[in-house]
Amino acid sequence: MNLLDTLLRDEIARLGPMSFRRFMELALYHPELGYYERGAVQIGRAGDFFTSVSVGPLFGELLAFRFAGWLEALARDAGPVQIVEAGAHDGTLAADILGWLERQRPELFRNLDYCLIEPSPRRHELQRQRLQPFAAKVSWRSHLDKPSANSVTGVIFSNELLDAFPVHRLGWDARQRQWFEWAVAVEGGVLAWARLPLTSNLQEAALQSLSPALGGGDFSALAAVLPNGFTFEYNPEALTWWRTAAASLKHGWLMAFDYGLTAGELLRTERTRGTLRAYGGHRVSQDLLAQPGGQDLTAHVNFAALQAAGELVGLGTVGLVSQEHFLMSIAAEILPVPKAFGGWSEEQARQLRTLVHPNHLGRSFRVLTQARQTVSLSYALGGTLAKAPDPMDTA
Ligand SMILES: C[S@@+](CC[C@H](N)C(=O)[O-])C[C@H]1O[C@@H](n2cnc3c(N)ncnc32)[C@H](O)[C@@H]1O
C-alpha cells in the first residue's frame, strides 16, 4: 500500500465514499504524491506513454510552421503576437517550437512572446531549466484568469492537457431509471467502486454536455434505450478552461490536440463503460483504482461540448479534424518546397509517419481549432483548414 493510498483511505473514513473526480484529482495532482508531481519520468520510452512530442521535434516544428503562417499575417494587421501553451509538461514542445522559429522565422521570433500556463511549481521549475536558451522570450502564468480577458492576440493551445483533467464518472441505472455517480469506497480493506446519488446541478450540467449528441432530442427518449450501467465522463474543468481561454483570446486561434469524441460518438452504445483508462509502463488498463499516483488516468475529451462552448462566447469553428488530417495538410505545403521548412530529412519522414499513422497517433488524436476575429484582416483566420473536408466522417 502506498502513501497516497493511505491518504485516500483516511479521507474516505472521515467523509464517506469520494467521487471519482476527487480520486482522480488526488491521484494525478496531490502536491507531493500525485502522478504528475512525484518527479518520475512519465512520458517517452522510459515512462508510461508516448505523446506526439516524445516522437521527436517534428511535431513542434510542424506546429511552428503553421503558427508562423498565421502569426506573421496577424502581426502585420494587429501588432505584437503571442503563443500561449498550457500543460507544457517539461517544456520540450515549447523548445521545439521556439527553436524552429528562431532558426527559420527570426523576425517573427524577435516580435513574439511565448507564455506557459503552469499551476505546478515543480513543473514550472522543470520548464524554466529546459527553456533557459529562450529565457528572454518566455513568461509564465499559473492560471488563465478571467482578469486576463481579451489579453491574447495570437494562438492559445494545448497538447494532451484536457484529457488529464479530473472527471466525474456517471452511470445509468436502467431499473431505477436514474443516473448515479461512480465513487470510491473501501471494501474488505481495498479501494472499491461505490454508487453515490447525483446532485441535481451536477446531473443537469453533465447531461447538458451530451446535448450535442442528441441534436435537439430529449433525454427521456435516450433513457428508454440506454443499457443498464451505461457510463460516461463529465469534465467540467475542460469546459471552464475552454471558456476562459476563449475569453482571453482577443484575436487569433484557440486549439486543443487530444483524444476525444465528436457529437456522433458521444453516446455510442458499444462504449458502455466510458473512455477512462489507466497507463503504466506503456500498458493500458481498466483498473482505474490500482496504484493511486503510480499510473496515469485519462478520459476522452468531449469535443462537441467544447466546440459549442467556444461558439457560445463568439468563437468560430475552423475545424475538428484528426491529427493525421491536420498534420498532412501542413506536410502538403512543406513537401513541394522543403527549403521553406529548412529542409526535410529521412528522420523527419519517419517521425511524420508515426504522428499521422492511423494505428499510432494519427486517428486517436484530434485537433479542435476555433478562432476569434476582431479586426478586419486581409486574410481568413480559417486558412486552408476551413476548406478541408473532415476525414473523421469517414474514419
Ligand atoms: C499529459 S501531460 C501533457 C503532455 C505534454 N503537453 C506533451 O505534449 O508532452 C498533462 C500536463 O498537464 C498539466 N496540467 C494539469 N492541469 C493543468 C492546468 N490547469 N493548467 C496547465 N497545466 C495543467 C500536468 O501537470 C501535466 O504536465
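The values are calculated or read from the model by the stated rules, or taken from the named source; none is laboratory data. Fair warning: this is a prediction, and the values are worked out from it, not measured in the lab. When we count neighbours, we look across all protein chains shown, and the Cβ atoms used for this are built from the backbone with ideal geometry, even at glycine.
Please verify whether the stretch 149-156 includes one or more residues that are under 21 Å from THR240 (Cβ atoms), within 16 Å of the ligand (Cβ to nearest atom) and out of contact with any helix residue (DSSP H, G or I) (no Cβ under 6 Å at 6 or more places or on another chain). Checking the stretch 149-156: not a single residue is under 21 Å from THR240 (Cβ atoms), within 16 Å of the ligand (Cβ to nearest atom) and out of contact with any helix residue (DSSP H, G or I) (no Cβ under 6 Å at 6 or more places or on another chain). Residues that are within 11 Å of the ligand (Cβ to nearest atom), farther than 20 Å from LEU62 by Cα, of a type outside the set (Phe, Trp, Tyr) and touching a strand residue (DSSP E or B) at 6+ places or on another chain (Cβ under 8 Å) within the stretch 115-141 comprise ILE117, GLU118, HIS124, GLN127, ARG141, listed in sequence order. For the stretch 233-252, a residue qualifies if it is assigned to a strand (DSSP E or B) and modelled with pLDDT under 95, and the qualifying residues are LEU249, LYS250, HIS251, GLY252.
Residue pairs whose Cβ atoms lie under 7 Å apart, separated by 6 or more positions or on different chains, with the first residue in the stretch 153-174 and over 21 Å from LEU355 (Cα atoms) and touching a residue at least 12 places away in the same chain (Cβ under 8 Å) and the second of a type in the set (Lys, Arg) and within 16 Å of the ligand (Cβ to nearest atom), are PRO166/ARG21; VAL167/ARG21; HIS168/ARG21.
Has the stretch 22-37 got at least one residue that is assigned to a helix (DSSP H, G or I), free of Cβ contacts under 8 Å to residues at least 60 places away in the same chain, among the charged types (D, E, K, R) and farther than 22 Å from GLU324 by Cβ?
no
Restricting LEU126, LEU131 to residues that are in contact with a Leu (Cβ under 9 Å, 6 or more places away or on another chain) and not aromatic (Phe, Trp, Tyr) narrows the list to LEU131. The condition (being farther than 30 Å from ALA185 by Cβ, in contact with a His (Cβ under 9 Å, 6 or more places away or on another chain) and in a helix (DSSP H, G or I)) is satisfied by just one residue among LEU74, LEU101, LEU108: LEU74. Against the test of being of a type in the set (Asp, Glu) and free of Cβ contacts under 8 Å to residues at least 12 places away in the same chain, the options ASP48, ASP77, ASP10 yield a single qualifying residue, ASP10.
If the condition is being farther than 22 Å from ASN359 by Cβ, among the small types (Gly, Ala, Ser) and without any contact (Cβ under 8 Å) to a residue 40 or more places away in the chain, then the stretch 269-325 contributes only ALA290.
When the stretch 111-126 is filtered for residues that are assigned to a loop (DSSP other than H, G, I, E, B) and closer than 18 Å to ALA164 by Cβ, the ones remaining, listed by number, are GLU118, PRO119, SER120. Kindly evaluate ALA78 against the criterion of being within 16 Å of the ligand (Cβ to nearest atom), among the aliphatic types (A, V, I, L, M) and surrounded by fewer than 21 Cβ atoms within 10 Å (Cβ to Cβ). No.
Can you tell which of LEU7, LEU112, LEU108 is within 17 Å of GLN295 (Cβ to Cβ) and either more than 11 Å from the ligand (Cβ to nearest atom) or surrounded by fewer than 18 Cβ atoms within 10 Å (Cβ to Cβ) (or both)? None of the other options fit; the residue is LEU7.
For LEU320, the stated conditions do not hold, so it cannot be described as within 16 Å of the ligand (Cβ to nearest atom), under 21 Å from GLY154 (Cα atoms) and crowded, with 18+ Cβ neighbours inside 10 Å. Counting the residues of the stretch 142-152 that are out of contact with any strand residue (DSSP E or B) (no Cβ under 6 Å at 6 or more places or on another chain) and outside any loop (DSSP other than H, G, I, E, B) gives 3. Can we say GLY47 is within 13 Å of the ligand (Cβ to nearest atom) and part of a loop (DSSP other than H, G, I, E, B)? Considered against the rule, which asks whether it is within 13 Å of the ligand (Cβ to nearest atom) and part of a loop (DSSP other than H, G, I, E, B), GLY47 comes out as yes. Here the stretch 10-44 is the region considered, the condition is being of a type in the set (Val, Ile, Thr) and at pLDDT below 90, and the residue that is farthest from the ligand (Cβ to nearest atom) is VAL41.
Residue-level analysis places LEU144 outside the set of residues that are within 10 Å of the ligand (Cβ to nearest atom) and closer than 17 Å to PHE257 by Cα.
With the condition kept exactly as written, say whether any residue in the stretch 213-225 is under 30 Å from SER151 (Cβ atoms), away from the ligand (no atom under 16 Å from the Cβ) and surrounded by fewer than 18 Cβ atoms within 10 Å (Cβ to Cβ).
no
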